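Asker: Let me give you the structure first, and then I'll get to my questions.
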Amino acid sequence: MRKKIVAGNWKMNTLPSEGVELAKAVVAGRGEVCECVNFIVCPPFTHLSQVIEAVKGSNIAVGAQDCATETKGAYTGEVAAQMIAALGCKYVILGHSERRQYYGETSETLNKKMAQAYANGLTPIYCVGENLEEREAGNHFAVCKAQIEEVVFNLTEEQFANLVIAYEPVWAIGTGKTATADQAQEIHAYIREVLREKFGALAEECPILYGGSCKPSNAAEIFAKEDVDGGLIGGAALVAGDFLAIGKGF
């Protein structure tokens, strides 16, 4: 039975005090959602420690939105995986489309970041997905396959067993557009098939999250699909009631 996961990517939103209040509100409403759902919140670096404190005693996990390629050293502005882990983070988002698009992250970069995450006991939430141009050209399968083969295929079986994948239809992020439930299932099933080529039966255990404008109104329909194991939530994660309502979609 694969994990059911609802992860909130807060992106560059919330001041520390706002983030703490949001986290506390998620904790307060957690009991309304099935214990079978694993909630993760991923605030900005500036208040990771405060949010970790705010969710202490609950079963809500905390993740970071990125980590550095290096262990330590003269890398101004970077945050190392060991620093994140030392705070009590359990997860780290890697390869998000915004990191690829705005900051030029490549598979070479992401292989280094994945190695840092695993070396420090973090579970990567590795993002894959195509933009609108690639989707309209019919290249969405090839794009996702390359992003998996160039990074995930370099993992050991032990590492792969501790991985979450998030499929992001980049054309649906922040645009209000959403892939249909059938489109989501089609690409999720394809991703699982690609994983099966390398990891065999282990691919059945890997959670694959949907990451494109998922909200309370469409979560149940999307999550009902066989190969959709939850969501990587953007905007709706900034409202505790909406975030929790998405968890009720299972």
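Asker: Give all pairs with beta carbons closer than 8 Å in which a residue from segment 226-237 that is under 14 Å from LYS3 (Cα atoms) meets a residue that is among the charged types (D, E, K, R) and in a strand (DSSP E or B); count only pairs at least 6 apart in sequence or on separate chains.
Answerer: Pairs found: ASP229/LYS4; GLY230/LYS4.
Asker: Among the strands (runs of 3 or more DSSP E) confined wholly to segment 1-88, which include 1 or more residues that are under 21 Å from ASP242 (Cα atoms), of a type in the set (S, T, N, Q) and modelled with pLDDT of 95 or more?
Answerer: It comes to 4-9, 37-42.
Asker: Being aliphatic (A, V, I, L, M) and either part of a helix (DSSP H, G or I) or surrounded by fewer than 23 Cβ atoms within 10 Å (Cβ to Cβ) (or both): is that true of LEU244 here?
Answerer: Yes, satisfied.
Asker: Of the conditions (1) without any contact (Cβ under 8 Å) to a residue 40 or more places away in the chain; (2) out of contact with any strand residue (DSSP E or B) (no Cβ under 8 Å at 6 or more places or on another chain), LEU94 satisfies every one except a single condition; which number is it?
Answerer: Every listed condition holds for LEU94 apart from (2).
Asker: Listed residues GLU133, GLU193, GLU158; which is outside any loop (DSSP other than H, G, I, E, B), modelled with pLDDT of 95 or more, over 22 Å from ILE93 (Cα atoms) and not polar (S, T, N, Q)?
Answerer: Being outside any loop (DSSP other than H, G, I, E, B), modelled with pLDDT of 95 or more, over 22 Å from ILE93 (Cα atoms) and not polar (S, T, N, Q) holds for just one of GLU133, GLU193, GLU158, which is GLU193.
Asker: Look at segment 89-114 and say how many of its residues are part of a helix (DSSP H, G or I), in contact with a helix residue (DSSP H, G or I) (Cβ under 7 Å, 6 or more places away or on another chain) and under 14 Å from ASP66 (Cβ atoms).
Answerer: The total comes to 1.
Asker: Of everything in segment 155-209 that's of a type in the set (S, T, N, Q) and in contact with a helix residue (DSSP H, G or I) (Cβ under 6 Å, 6 or more places away or on another chain), which residue is surrounded by the fewest Cβ atoms within 10 Å (Cβ to Cβ)?
Answerer: Looking at residues that are of a type in the set (S, T, N, Q) and in contact with a helix residue (DSSP H, G or I) (Cβ under 6 Å, 6 or more places away or on another chain), I get GLN159.
Asker: Suppose we filter ALA146, ALA117 for residues that are within 25 Å of ILE5 (Cβ to Cβ), part of a helix (DSSP H, G or I), under 17 Å from the mean Cα position of the chain (by Cα) and of a type in the set (Gly, Ala, Ser); which single one remains?
Answerer: ALA117
Asker: Which one of these does GLY249 not meet: (1) within 28 Å of ASN120 (Cα to Cα); (2) within 18 Å of the chain's Cα centre (by Cα)?
Answerer: (1)
Asker: Identify the residue in segment 19-30 that is closer than 14 Å to ILE52 by Cα and of a type outside the set (Lys, Arg) and, among all such residues, is surrounded by the fewest Cβ atoms within 10 Å (Cβ to Cβ).
Answerer: GLU21
The values are calculated or read from the model by the stated rules, or taken from the named source; none is laboratory data. Remember, predicted model here, so these are calculated numbers, not experimental data. Here the Cβ is made from the backbone with ideal geometry for all residues, glycine too, and neighbour counts use every protein chain on show.
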